[in-house]
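A.B. asks: Quick one: the structure is below, questions incoming.
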Amino acid sequence: MADHEFRHTNPDIDVHAMGEVHEHPTWKQYKWVALILTLITVVEVWIYYTPFKDSPLFVPVLLIMSAVKFAIVVLFYMHLKYDHKLFKALFTGPLIIAISTLTALLFLFGKFSGKH
Amino acid sequence: MSSAVASHAHPPTSTGLDHRKIAIWAFIGSECMLFASLISTYLIYKGRSVVGPFPHEVCDPPVCATHLNAILNIPVTSFSTFVLLMSSLAMVLALAAVENRGKPGYEGIFGSSKFWLLTTAILGTTFLGCQAYEFTSFVHEGLTIRTNLFGSSFFTLTGFHGAHVTAGVLWLLTLLAIDIKRGLQPKDALLVDISALYWHFVDVVWIAIFTLVYLIK
């Protein structure tokens, strides 16, 4: 497939209903996103098999890479970067509550105390 | 009725946005909290199992009746993670194919929404196959949902995710059947967009599970 630009110039697409303020990424951007996601996954698995897994930085590095992958998929594949702000609020609001609850529960059950 | 009128035929809303798209984002938001609770449970119970098998540690007598290896299979799961990431790429290409149907460059197989919907469904099924293989091998190695805390929380978390992937594959096959029967037109892009959002959400949940459950010891 050529490097088409996926733009909503087609009058048959209900852009307003889809809530998109801007245009979708291009085919080239989609390819780059897939490549970056694959590379991050390869690095994640690779460091799992290296002595770095015993380093105190192992978990933070993995969490950062996972968060980057999460954000890339949400922003580009789910088009949240280009979507209406109501959709952003509907996703980020519950996500913040979910992450806060998860963190609070882990503190509550002593998962950060080093005893478990 | 002209196609332009038909495409804007959703009932007027206070936000000006289609309720279906608002609903799927609200649903995805609620699903975030569901999976956060399941992941929390897994992490809280992690390391508290009295008997093996364990996820990352070898189990020897007297804790276990016999020698048991660490049970998580990272190579297989890495492959299934890659498969799911590629399915997300196929899904965005399916949406693009529907949006751009009839435009130059979208006549061939790689511009066909049928091809990309089928590819996404096949990749999703491959992921489910890997999960079925993993679950079966765990049971053969002595880990069931009733064996220990790790087994209970692990099978619940990954089982819920697998059920979501299964629902996504059925949704994709439904769209494919509609596409084969009458052809998905640009005015149907919202239908594909909504299913794509669900599919990508299933993908991002797995991104979190892969790191938190499989890679972090």
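A.B. asks: Among the residues of the stretch B:119-130, are any more than 14 Å from chain A (Cβ to nearest Cβ) and out of contact with any helix residue (DSSP H, G or I) (no Cβ under 8 Å at 6 or more places or on another chain)?
C.D. replies: Scanning the stretch B:119-130 turns up at least one residue that is more than 14 Å from chain A (Cβ to nearest Cβ) and out of contact with any helix residue (DSSP H, G or I) (no Cβ under 8 Å at 6 or more places or on another chain).
A.B. asks: Looking for something in contact (Cβ under 8 Å) with a residue 40 or more places away in the chain and within 18 Å of the chain's Cα centre (by Cα) - is there at least one such residue anywhere in the stretch B:36-58?
C.D. replies: yes
A.B. asks: Out of the stretch B:75-102, which residues are surrounded by fewer than 17 Cβ atoms within 10 Å (Cβ to Cβ) and not in a helix (DSSP H, G or I)?
C.D. replies: Initial filter on the stretch B:75-102 (surrounded by fewer than 17 Cβ atoms within 10 Å (Cβ to Cβ)): B:75-76, B:79, B:102.
Across the stretch B:75-102, the qualifying residue is only B:G102.
A.B. asks: While we're here: Quick check on the stretch A:65-86. Is at least one of its residues in contact with a Lys or Arg (Cβ under 9 Å, 6 or more places away or on another chain) and β-branched (V, I, T)?
C.D. replies: yes
A.B. asks: Count, please, the residues in the stretch B:70-89 that happen to be in contact (Cβ under 8 Å) with a residue 40 or more places away in the chain and in contact with a Pro (Cβ under 9 Å, 6 or more places away or on another chain).
C.D. replies: 2
A.B. asks: While we're looking at this one, here's another question. Confirm whether B:G29 is assigned to a loop (DSSP other than H, G, I, E, B) and at the interface with chain A (Cβ under 7 Å from one of its Cβ atoms). Talk me through it step by step, then tell me what you get.
C.D. replies: On the way: assigned to a loop (DSSP other than H, G, I, E, B): no; at the interface with chain A (Cβ under 7 Å from one of its Cβ atoms): yes.
Criteria not met by B:G29.
A.B. asks: Any residue that is buried (at least 21 other Cβ atoms within 10 Å of the Cβ), out of contact with any helix residue (DSSP H, G or I) (no Cβ under 6 Å at 6 or more places or on another chain) and at pLDDT below 95 - is there at least one of those in the stretch B:174-185?
C.D. replies: Among the residues of the stretch B:174-185, not one is buried (at least 21 other Cβ atoms within 10 Å of the Cβ), out of contact with any helix residue (DSSP H, G or I) (no Cβ under 6 Å at 6 or more places or on another chain) and at pLDDT below 95, which makes the answer no.
A.B. asks: Taking the options A:K69, A:K81, A:K85, name whichever one is more than 9 Å from chain B (Cβ to nearest Cβ) and surrounded by 14 or more Cβ atoms within 10 Å (Cβ to Cβ). Full working, then the answer.
C.D. replies: On the way: A:K69 fails: more than 9 Å from chain B (Cβ to nearest Cβ); A:K85 fails: surrounded by 14 or more Cβ atoms within 10 Å (Cβ to Cβ).
None of the other options fit; the residue is A:K81.
The values are calculated or read from the model by the stated rules, or taken from the named source; none is laboratory data. These numbers were taken from a predicted model, which means no experiment stands behind them. All Cβ positions, glycine included, derive from the backbone under ideal geometry; neighbour counts span all protein chains shown.
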